[in-house]
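The values are calculated or read from the model by the stated rules, or taken from the named source; none is laboratory data. All of these numbers come straight from a predicted model, not from anything done at the bench. Neighbour counts run over all protein chains shown; Cβ positions are idealised from the backbone, glycine included. All accessible areas refer to the heavy atoms of the entire protein, side chains included, with ligands and DNA or RNA removed. Shrake-Rupley method; radii C 1.70, N 1.55, O 1.52, S 1.80 Å.
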Amino acid sequence: MSALDPASRAPSSSSRRGRPLLFSNALDAAGRQGMDFATDVLAVVLLGASAAQMGLLNAVGALAFLVLGIPIGVLVDRSPTVRLLAGSGLARAALLATLVAAWALDGLTMIHLYVLAGLIGITTVVTETTQTAIAPRVAGRDAVAGLVARMQSAESVVGLVVPALAGIAVAAIGAGPTLSLAAVVTVLAALVALRLRVGPPAGQPEEGVTPSGTGALATLLVEAKEGWSVLRANTTLWRLTLASMLVNLGLAAHSAIEVVLVLRTLGLGTQTLGLLISLGAMGALVGSVVAVPLVEEFRVEWVLRASMLLLAPIAALTLLALFDTSRATWWLSASAFLWGVSIVVYNVVIAGLTAELTPTRLMGRVFATRRTLAMGVIPGGSLAGGLIADQLGMAYAVLIWIVLNASAALLVVLAPTETATP
């Protein structure tokens with residue numbers, strides 16, 4: 001594995017060009033976090049959703065990554081434009097507006113939430129894929145790793161503030177108005193994206209060649225296979241993708257029960273839920289700050305292995321909260337913070353490393369393929385987590401989370417080490 005030093009590869013002119021993308025990415029992340037928080041509260045508190053229903057809601061939201069992730073990656077690679085990035089954000093804001101209207105008219109149902117979760121999931125895939133695919137055109141090839149890593153860090157900074165504010169807002173004005181604010185922030189993210197100035201995309205098809213019919217399908221499949229081949233041929237990225245699948249599978253099971261566990265099982269309230277998410281984001285901020293210095297001080301594989309080995313013990317703190325309810329907030333707070341540190345150290349290093357190892361013209365496809373594999377397990381994990389919690393109990397769902405994290409760590413630790421170069 002090569003050492004990752006984004007700061008040293010990012011000249012000041014590239015940093016300036018990347019600022020609108022960083023700002024847009026941060027606003028978009030704030031809108032998504034506010035939306036997720038308010039939607040979960042509406043589902044659990046207003047509609048009385050069970051753990052299984054929350055699992056289904058999370059699964060539907062992640063379905064787009066599994067079904068459409070790679071095709072969207074191919075299409076984005078063909079034309080990673082500013083208009084596409086802004087348009088996907090505006091479409092998500094419009095969808096949120098329908099949810100706010102239903103809440104205002106007292107007509108909100110779980111069916112509406114399911115449908116909206118699926119459609120919003122599609123816009124999220126387009127937005128996140130385009131953000132990554134457009135990064136080389138914004139910063140230049142030499143600085144793309146640094147820009148992608150800073151985008152990850154920016155999301156962590158936003159996550160430090162938004163969940164706590166969302167919890168306060170829900171308690172003060174309700175989940176519906178909070179959802180309205182999330183829609184406004186999403187619109188702002190799209191407007192900021194329109195300020196981006198980008199270079200021409202690499203690897204564009206020749207002019208006059210417009211595939212259609214079966215030819216278009218064959219071309220799409222060939223392009224999708226190219227992204228898969230690049231990912232599969234790199235042992236380092238492939239191994240870490242498999243580990244990410246296991247981590248996300250367990251995290252999906254936990255996410256399906258988290259709101260129910262905090263609000264209903266432990267009765268800690270929405271402000272505590274917001275606090276826990278904020279502590280997780282604070283840990284993420286710490287992780288984003290220390291990730292690159294750790295890589296500079298130690299070998300990349302050591303940093304990745306250490307961050308993965310910590311995940312299972314950190315998840316076990318949630319199990320302690322279930323058995324030691326008098327100190328549940330403390331156990332959950334420690335778990336949230338430490339999880340944020342460990343997972344972001346892993347994610348920041350991998351984000352930069354993936355960008356560094358991937359040809360510019362294949363950024364969308366390789367990113368989408370990794371996301372499809374890593375996020376594609378979420379629907380199954382969410383459904384399983386909700387059903388296990390409802391049928392067997394919360395403790396069993398948390399135990400599944402712990403076991404899957406341990407399995408991912410075992411995969412990383414026992415796998416042979418590869419030295420990767422750009």
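Within segment 247-259, being more than 16 Å from residue 57 (Cβ to Cβ) and open to solvent by 40 Å² or more (accessible area, probe 1.4 Å) holds for one residue alone: 249. Just one of (1) among the β-branched types (Val, Ile, Thr); (2) closer than 25 Å to residue 414 by Cβ; (3) crowded, with 24+ Cβ neighbours inside 10 Å fails for residue 314. It is (3). Among the residues of segment 356-369, is there at least one that is within 20 Å of residue 303 (Cα to Cα) and either in contact (Cβ under 8 Å) with a residue 12 or more places away in the chain or part of a helix (DSSP H, G or I) (or both)? Checking segment 356-369: at least one residue is within 20 Å of residue 303 (Cα to Cα) and either in contact (Cβ under 8 Å) with a residue 12 or more places away in the chain or part of a helix (DSSP H, G or I) (or both).
Contact annotation: residue pairs with Cβ atoms under 7 Å, 6 or more positions apart or on different chains, pairing a residue in segment 391-416 that is surrounded by fewer than 19 Cβ atoms within 10 Å (Cβ to Cβ) with a partner that is β-branched (Val, Ile, Thr) and assigned to a helix (DSSP H, G or I), are 396/388. When the residues of segment 226-246 are filtered to those that are among the hydroxyl-bearing types (Ser, Thr, Tyr) and open to solvent by 40 Å² or more (accessible area, probe 1.4 Å), which remaining residue is nearest to residue 304 (Cα to Cα)? The selected residue is 235. Examine segment 126-147 for a residue that is in a helix (DSSP H, G or I), of a type in the set (A, V, I, L, M) and modelled with pLDDT of 80 or more, and state whether such a residue exists. Yes, because at least one residue in segment 126-147 is in a helix (DSSP H, G or I), of a type in the set (A, V, I, L, M) and modelled with pLDDT of 80 or more.
Restricting attention to segment 260-272, the residues that are buried (at least 21 other Cβ atoms within 10 Å of the Cβ) and at pLDDT below 80 add up to 1.
For first residues located in segment 262-278 and among the small types (Gly, Ala, Ser), partners that are open to solvent by less than 30 Å² (accessible area, probe 1.4 Å) and lie 6+ apart or on another chain with Cβ distances below 6 Å form the pairs 274/163; 274/166; 274/167; 278/163. In the set 332, 310, only one residue is touching a helix residue (DSSP H, G or I) at 6+ places or on another chain (Cβ under 6 Å), at pLDDT 80 or above and more than 23 Å from residue 30 (Cα to Cα); that residue is 310. Residue pairs whose Cβ atoms lie under 9 Å apart, separated by 6 or more positions or on different chains, with the first residue in segment 289-300 and farther than 15 Å from residue 346 by Cβ and the second modelled with pLDDT of 75 or more and open to solvent by less than 90 Å² (accessible area, probe 1.4 Å), are 297/303. Scan segment 114-130 for residues that are open to solvent by 10 Å² or more (accessible area, probe 1.4 Å) and either touching a Leu at 6+ places or on another chain (Cβ under 8 Å) or over 15 Å from residue 59 (Cβ atoms) (or both) and the total you get is 10. Within segment 378-385, not a single residue is farther than 28 Å from residue 51 by Cα, open to solvent by 30 Å² or more (accessible area, probe 1.4 Å) and at pLDDT 75 or above. I'd like the residue in segment 149-163 that is at pLDDT 70 or above and open to solvent by 10 Å² or more (accessible area, probe 1.4 Å) and, out of all such residues, is farthest from residue 85 (Cα to Cα). Within segment 149-163, the match that is farthest from residue 85 (Cα to Cα) is 162.
Can you tell me which residue within segment 174-191, out of those that are farther than 17 Å from residue 124 by Cβ and β-branched (Val, Ile, Thr), is least open to solvent (accessible area, probe 1.4 Å)? My answer is 178. Report every pair of residues separated by at least 6 positions or lying on different chains whose Cβ atoms are under 8 Å apart, first residue within segment 321-350 and closer than 16 Å to residue 267 by Cβ, second assigned to a helix (DSSP H, G or I) and basic (Lys, Arg). From segment 321-350, the pairs are 321/327. Being open to solvent by less than 30 Å² (accessible area, probe 1.4 Å), closer than 21 Å to residue 247 by Cα, assigned to a helix (DSSP H, G or I) and among the small types (Gly, Ala, Ser) is a condition met by at least one residue of segment 298-310.
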